[in-house]
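Here the structure comes first, spelled out in structure tokens, and everything after it is commentary.
The values are calculated or read from the model by the stated rules, or taken from the named source; none is laboratory data. Note that this is a predicted model, so its numbers are computed, not measured. Note that each Cβ is placed from the backbone with ideal geometry, even for glycine, and that neighbours are counted across all protein chains shown. SASA here: full protein model, heavy atoms, side chains in, ligands and nucleic acids out. Shrake-Rupley method; radii C 1.70, N 1.55, O 1.52, S 1.80 Å.
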Amino acid sequence: MGLDFYYTPGSSPCRSVLLAAKALGVDLNLKQLDLMKGEHLKPEFVKINPQHNVPTLDDNGFAINESRAIICYLAEKYGKDDSLYPKDPKKRALVNQRLYFDIGTLYQRFGDLYYPVMFGGAPFDEEKKKKLDEAYGFLDKYLEDGKWAAGDNYTLADIALVASVTSAEVVGYDVAKYPNVAKWLAKAKSTLPGYAEANDKGVQMFKGMYEALTKKA
């Protein structure tokens with residue numbers, strides 16, 4: 001069976017799992033779902049994941065969803081060392097904090113602003129943009145030492161964050177306004193293993209989808 005990975009390439013959380021797999025040298029059996037066609041609602045998928053969302057990993061009958069939980073699981077089970085997800089309690093706490101910051105603040109506020117525009121035809125909300133700007137201000141502060149998101153080397157924190165930040169970048173959010181984020185992003189793009197294949201391909205698909213869905217008639 002192996003590692004079955006249910007995903008959609010444009011999704012930021014899905015791309016973070018693809019990036020983590022590259023960094024860990026793990027092969028995934030890619031199973032692409034077309035959400036627009038309701039493939040995630042098929043009974044056989046709902047049986048694996050009652051939330052019927054992507055990404056979902058099925059490791060020989062052990063199924064788990066939520067990208068940040070998936071990448072932590074992969075690192076703990078398949079990591080050759082603990083560089084991506086340190087075992088030291090303080091170092092790990094920092095990685096975890098950045099992962100929770102990503103899901104609860106940075107990616108959350110990105111979705112709050114852009115997804116209603118993208119999927120619901122809503123007008124661009126300047127108040128929600130201020131909240132996203134605040135989140136990028138926090139990230140800029142986290143990166144002011146010029147290192148990685150959670151220490152001296154790249155970790156799962158960088159992998160999750162780069163998927164979120166590149167999604168914002170391709171739909172026109174001005175990431176360059178935050179100098180520490182811009183420097184870190186350039187470094188991540190050139191350093192993270194398999195970046196072009198695992199993230200860039202999917203993020204360009206996301207861009208195309210955003211442009212198609214928001215095109216004025």
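On the basis of being outside any helix (DSSP H, G or I), in contact with a helix residue (DSSP H, G or I) (Cβ under 9 Å, 6 or more places away or on another chain) and surrounded by 14 or more Cβ atoms within 10 Å (Cβ to Cβ), does residue 94 make the cut? It is false that residue 94 is outside any helix (DSSP H, G or I), in contact with a helix residue (DSSP H, G or I) (Cβ under 9 Å, 6 or more places away or on another chain) and surrounded by 14 or more Cβ atoms within 10 Å (Cβ to Cβ). Among the residues of the stretch 188-205, those that are within 25 Å of residue 141 (Cβ to Cβ) and either in contact (Cβ under 8 Å) with a residue 12 or more places away in the chain or open to solvent by less than 60 Å² (accessible area, probe 1.4 Å) (or both) comprise 188, 189, 191, 192, 195, 199, 203. For the stretch 130-166, the set of residues classified as open to solvent by less than 10 Å² (accessible area, probe 1.4 Å) and more than 16 Å from residue 101 (Cβ to Cβ) consists of 166 only. For the stretch 1-57, a residue qualifies if it is touching a strand residue (DSSP E or B) at 6+ places or on another chain (Cβ under 7 Å) and β-branched (Val, Ile, Thr), and the qualifying residues are 8, 17, 26, 48, 54, 56. Of all residues assigned to the stretch 50-68, at least one qualifies as being modelled with pLDDT of 95 or more, under 15 Å from the mean Cα position of the chain (by Cα) and under 19 Å from residue 142 (Cβ atoms). Of everything listed in (1) buried (at least 16 other Cβ atoms within 10 Å of the Cβ); (2) at positive phi, the single unmet condition for residue 17 is (2).
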